[in-house]
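These notes concern the structure reproduced below.
The values are calculated or read from the model by the stated rules, or taken from the named source; none is laboratory data. Since the structure is predicted, the reported quantities are computational estimates derived from the model, not experimental observations. Positions of Cβ are generated from backbone atoms using ideal geometry, with glycine treated the same way; all protein chains shown enter the neighbour counts. The area values use the complete protein model at the heavy-atom level, side chains included, leaving out ligands, DNA and RNA. Shrake-Rupley method; radii C 1.70, N 1.55, O 1.52, S 1.80 Å.
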Amino acid sequence: MYKTPCSRLTGVWKCLPRDGLVGVSVQQKLIANAARSHMSARSLIQLCRKNQAEWITFQHLCFLKRQYVKSSSGLCQRARPKQEHVASVLDDRDDSVVSQVQQIPALKPEPGTVVPPCNPVEPEAARAARLEARQWKELKVEYSDLPGIYARLSKLKLTALVVTTAAAGYAMAPVPFDPVTFLMASVGTGLASCTANSINQYFEVPFDSNMNRTKNRPLVRGQISPLHAVSFALACGIPGVTLLTLGVNPLTGFLGALNIFLYTCCYTPLKRLSITNTWAGAVVGAIPPVMGWTAATGALDPGALLLGGFLFSWQFPHFNALSWNLREDYSRGGYRMMSVTHPGLCKRVALRHSVGLIGLSALGPVLDVTTWTFPLVSLPINLYISYLAFRFYRYGDRQNARKLFFCSLWHLPMLLLLALTCKKNRVPQDEAAVSPSMPSLAL
């Protein structure tokens, strides 16, 4: 059945003793192998009893051992070569197959071309430069770059919005316009906003580095030091609050200092603790128009609270729609936003406050701040933002959130402009008493 000659098993019989004591030899080899296997099993158990970080892995097995060799000035990994060639006994044939390999001639390069060397040696200077480029180092900032860095540190666009709402509150106050007081109130409010935004970025550096939206801020990139940022915040905050207190009135200065405290010490830490940070941030955004009103009148009238209510309600459809498309970013940064932890509540609150803008507009003539024309002319834009908020509440997708956000960008300036055009002009009582008697005195 098998035509294999006996000579093919000579390699096997060579390893056996020829003195006839085959059984004794085999027994001795089995005992030695058993002892070695017993030691291997014992070492395996001891290795497993060690720390979990040092448990056995595939690298401890013999057939997966690797050795690192150095060639071409670089480390590479290859399998350990076998010590001797073990040929199969059954495949040890007498006939050998000789394969002839035809050598392929080398390609001759075209004239004029430079052939790079096979193993290029990297110069020491280039290698040092490459390693230095991979190391972290602080960016070198020129003095000409500081205005742009300060603008990003103070969030210039947000500061401009804060100053605009404060100016609207000053313009809505029923008093004659004083340009000096208006200028001091605007500058002081802007400086207070720069302080709050700078301290906010100082506290949130480790979290901003995890978000795509905030990873390029100056403190995250190392363009300025934290001490530099805090010094800039103090350089803006102390003159700003002083200007509001001494140049305008103490009530406006108190509101400016209160706004800095609420933004830095309440809203900023609450962003990582609770979803109530959104309501705290809405209060912070509602104070600037109140500051503008108090800068003009020196008192907290119902009209100031109405303007603050406009800003308070407007911020919920604005920010909730913005945070809806940034849920991954806020989650990566560790912030507890409604859009991340309570998505249903996020949509309901946006719809609720969008509809609430209609009721707040109707309170304008009731509180004797605007005429009855204001609720009518503001009804179309309030209905439109409420419609977009309803679509956002119903579908909850990125497209409707984006539409609601962009609508909120032009809705607030339009609402404040309509309120300013429908402002009720008040005539002081002394002037009203003098004006009827003027014709009689002329007679």
For region 227-237, enumerate the residues that are closer than 16 Å to residue 197 by Cβ and among the hydrophobic types (A, V, I, L, M, F, W, C). 229, 230, 232, 233, 234, 235, 236
Matching residues, region 347-387, being among the aliphatic types (A, V, I, L, M), in a helix (DSSP H, G or I) and more than 15 Å from residue 315 (Cα to Cα): 362, 363, 366, 376, 377, 379, 381, 383
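Going by what's in this entry, would residue 269 be described as part of a helix (DSSP H, G or I) and in the same structural domain as residue 207 (by the TED database)?
Yes: the conditions hold for residue 269.
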Kindly indicate whether residue 173 is within 30 Å of residue 364 (Cβ to Cβ), aliphatic (A, V, I, L, M) and in contact with a helix residue (DSSP H, G or I) (Cβ under 7 Å, 6 or more places away or on another chain). yes
Within 30 Å of residue 175 (Cβ to Cβ), open to solvent by less than 20 Å² (accessible area, probe 1.4 Å) and not assigned by the TED database to the domain that holds residue 336, is that true of residue 278? no
Region 226-266: number of residues that are farther than 22 Å from residue 336 by Cβ and either outside the structural domain of residue 188 (by the TED database) or under 20 Å from the mean Cα position of the chain (by Cα) (or both): 2
Restricting attention to region 317-339, the residues that are part of a helix (DSSP H, G or I) and either open to solvent by 50 Å² or more (accessible area, probe 1.4 Å) or small (Gly, Ala, Ser) (or both) number exactly 8
The condition from (1) in a helix (DSSP H, G or I); (2) free of Cβ contacts under 8 Å to residues at least 60 places away in the same chain that residue 311 misses is numbered (2)
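Just checking, how many residues over region 168-204 are in a loop (DSSP other than H, G, I, E, B) and either open to solvent by 10 Å² or more (accessible area, probe 1.4 Å) or at pLDDT 95 or above (or both)?
5
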Being surrounded by 11 or more Cβ atoms within 10 Å (Cβ to Cβ), at pLDDT 50 or above, out of contact with any strand residue (DSSP E or B) (no Cβ under 8 Å at 6 or more places or on another chain) and over 27 Å from residue 373 (Cβ atoms): is that true of residue 426 here? no
